[in-house]
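Engineer: Sharing a structure below in structure tokens format, with a few things to ask.
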Amino acid sequence: QKHLLGIEPLHPTEITTLLDLSDRYAELGRGVVKHSDALAGLTQINMFFENSTRTQASFELAGKRLGADVMNMAMQASSIKKGETLIDTALTLNAMHPDLLVVRHPHSGAVDLLAQKVNCAVLNAGDGRHEHPTQALLDALTIRRAKGRLHRLTIAICGDIAHSRVARSNLILLGKMENRVRLVGPPTLMPSGVSEFGVEVYDDMREGLAGADVVMMLRLQRERMDGGFIPSEREYYHRYGLDAEKLSHAKDDAIVMHPGPMNRGVEIDGTLADDINRSVIQEQVEMGVAVRMAAMDLLARNLRESRASAGVMV
Ligand code: CP
């Protein structure tokens, strides 16, 4: 692949190759020396038009651990504020010859559009409700390491599915790897047409969690609710918040996941989120660095090959 814009275009063997390399980078990340020179001489620019803690920090750390020159664009202080368009901003940065552009944008499809205008590899760090591919890949790696496999598992994705790019990328990836995916949440937060993805839909947490191997919780994404249905937090926690009683309906060894940021006492009980016997939330963060190292390494290899075959010095 030239870019990483979503999970949709990836073949299961490409997903497995990326996760295998991520495993190796996870081991490197636990070592005393955490560096490699896979991106030495390359320039990585991070453009985040939406807030981020985990994704931006881990892309920056991943690039630095691989030896890239990493620049974080402060989009709030950029000429976007003076009316410059996304495309003009991208063309301006493109003229500085970056090799990797990491982009998060509030509009679905914006990152794909940008990728068509530049000469470098583009990684989607989350676009609107569309895709968040590196999140789904880090979730897949966390599951594979915890369960020893990434197929024939029952995975319940719970909460605000309608506004979630994390849910969309995950259900595509987990479906490709032949898992049984359940979506659990209030009907008002369930997108129409999900059945075409071959998933099961539940509005009762206890039924949706019954016998699950993995329970993945999602935040209420109020910033994308457009003034529509916004449930009260108390009522939502009562019906859909994950606590020990609801989790008891899943398998005894079911793991609890959350992509963050987490709202304790809304979609998840804080004590459960911190329970290292069930929760793998901190491992998800750790695997985020490894997956982003692997994704940028593989894209850089393709970039170098295509430049070499075009006769460009690399
Ligand atoms: N999971 C995730 O995308 O978190 P951030 O918004 O903090 O990057």
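Engineer: Students often get this wrong, so check it: of Lys147/Lys176; Lys2/Lys34; Lys64/Lys147; Lys147/Lys246, which have C-alpha atoms separated by over 19 Å?
Structural biologist: Pairs exceeding 19 Å: Lys2/Lys34; Lys64/Lys147; Lys147/Lys246.
Engineer: Can you tell me which of Arg224, Arg182, Arg168 moves the most in a GNM of the chain? Springs connect C-alpha atoms under 10 Å apart.
Structural biologist: Arg224
Engineer: Next question, about the same structure. Hey, what do the phi angles of segment 103-119 turn into as Karplus ³J(HN,Hα) couplings, whole Hz, using 6.51/-1.76/1.60 and θ = phi - 60°, x for Gly and Pro?
Structural biologist: Rounded to whole hertz, the list is 10, 10, 8, x, 9, 4, x, 5, 6, 4, 4, 4, 4, 6, 9, 10, 9.
Engineer: Tell me, what % of the accessible area of segment 154-260 is carbon and sulfur with a 1.4 angstrom probe?
Structural biologist: Numbers: 2050 of 4360 Å².
Summing carbon and sulfur atoms, their accessible area is 47 percent of the total for segment 154-260.
Engineer: Per residue, how big is the convex hull of segment 34-187 when only Cα atoms are used? Give it in Å³.
Structural biologist: It comes to 133 Å³ per residue, whole-number rounded.
Engineer: For His107, enumerate residues with amide H under 5 Å from its amide H, sequence gap 5+ or separate chain, H modeled in the peptide plane.
Structural biologist: Gly128
Engineer: Send over a whole-number figure in Å² for the accessible area per residue of the chain, probe 1.4 Å.
Structural biologist: About 44 Å² of surface per residue is accessible.
Engineer: Helix-derived [θ] at 222 nm for the chain: sum -39500 (n - 2.57) over DSSP H runs of at least 4, divide by residue count, nearest 500?
Structural biologist: Computed mean residue ellipticity for the chain: -12000 deg cm²/dmol.
Engineer: Can you tell me the order of 281-293, 110-122 when each peptide is scored by its average per-residue count of other Cβ atoms within 10 angstrom, highest first?
Structural biologist: Output ranking for 281-293, 110-122: 281-293, 110-122.
Engineer: Return the Cα extents of segment 93-162 along principal axes one, two and three, sorted largest first, each rounded to a whole Å.
Structural biologist: Its Cα atoms span 46, 27, 13 Å along the three principal axes.
Engineer: I need the phi-derived Karplus couplings for segment 165-170: 6.51 cos²θ - 1.76 cosθ + 1.60, θ = phi - 60°, integer Hz, Gly and Pro marked x.
Structural biologist: Each residue's phi maps through the Karplus curve to give 6, 5, 4, 5, 5, 5 Hz.
Engineer: Next up: Could you give the length gained on full extension between Thr13 and Gln282, defined as 0.36 nm per residue of separation minus the Cα-Cα distance, in nm?
Structural biologist: 94.2 nm
Engineer: How many percent of the accessible area of segment 1-86 is carbon or sulfur, using a 1.4 Å probe? All intermediate terms of the calculation are to be shown ahead of the outcome.
Structural biologist: Numbers: 2420 of 4470 Å².
Carbon and sulfur atoms account for 54 percent of the accessible area of segment 1-86.
Engineer: To test your reading of the geometry: what angle, between 0 and 90 degrees and rounded to tens, separates the Cα axis of helix 281-309 from the longest principal axis of the chain?
Structural biologist: That helix lies at roughly 30 degrees to the long axis.
Engineer: Tell me which residues come under 5 Å, amide H to amide H, from Val201 once H is placed; ignore anything under 5 positions away on its chain.
Structural biologist: Leu183
Engineer: Tabulate in residue order the Karplus-calculated ³J(HN,Hα) for segment 122-132, using 6.51 cos²θ - 1.76 cosθ + 1.60 with θ = phi - 60°, rounded to whole Hz; enter x for Gly and Pro.
Structural biologist: The phi angles translate into 10, 10, 7, 9, x, 10, x, 8, 7, 9, 9 Hz.
Engineer: Moving on to the next point. Relative to the longest principal axis of the C-alpha atoms of the chain, give the angle of the C-alpha long axis of helix 133-147, reported between 0 and 90° and rounded to the nearest 10°.
Structural biologist: Approximately 60 degrees, to the nearest ten.
Engineer: If I model a spin label as a point 7 Å beyond the Cα along the Cα-Cβ vector, how far apart are those points for Ser36 and Asp226 in nm?
Structural biologist: 4.2
Engineer: Can you bin every Cα-Cα distance in the chain into 10 Å intervals starting at zero and give me the percent of pairs per bin, rounded to whole numbers?
Structural biologist: P(r) for the chain, in whole percents per bin: 6, 27, 34, 23, 9, 1, 0.
Engineer: Taking amide H positions as placed 1.01 Å from N in the peptide plane, with prolines and chain starts having none, which residues 5 or more places from Ser279, or on another chain, fall under 5 Å of its amide H?
Structural biologist: So Ser279 has HN proximity to Val256.
Engineer: Taking a cut-off of 15 Å, what percent of all Cα-Cα pairs in segment 1-52 are separated by more than that?
Structural biologist: Details: 901 of 1326 pairs.
Summing the P(r) of segment 1-52 above 15 Å gives 68 percent of all pairs.
Engineer: Ok, one more. Return the ratio Rg/(2.2 N^0.38 Å) for segment 164-314, where Rg is computed over Cα atoms only.
Structural biologist: Details: Rg = 18.8 Å, N = 151, 2.2 N^0.38 = 14.8 Å.
Against the empirical 2.2 N^0.38 Å value, I get 1.27 for segment 164-314.
Engineer: Here is a further query. State, to one decimal in nm, how far the label point of Glu196 lies from the label point of Ile80, with both points 7 Å from Cα in the Cβ direction.
Structural biologist: 3.0
The values are calculated or read from the model by the stated rules, or taken from the named source; none is laboratory data. Remember, it's a predicted structure, so these values are computed and weren't measured experimentally. Glycine gets a Cβ as well: all are built from the backbone with ideal geometry, and neighbour counts include every protein chain shown. Side chains are part of the model used for accessible areas, which takes the heavy atoms of the whole protein and leaves out ligands, DNA and RNA. Shrake-Rupley method; radii C 1.70, N 1.55, O 1.52, S 1.80 Å.
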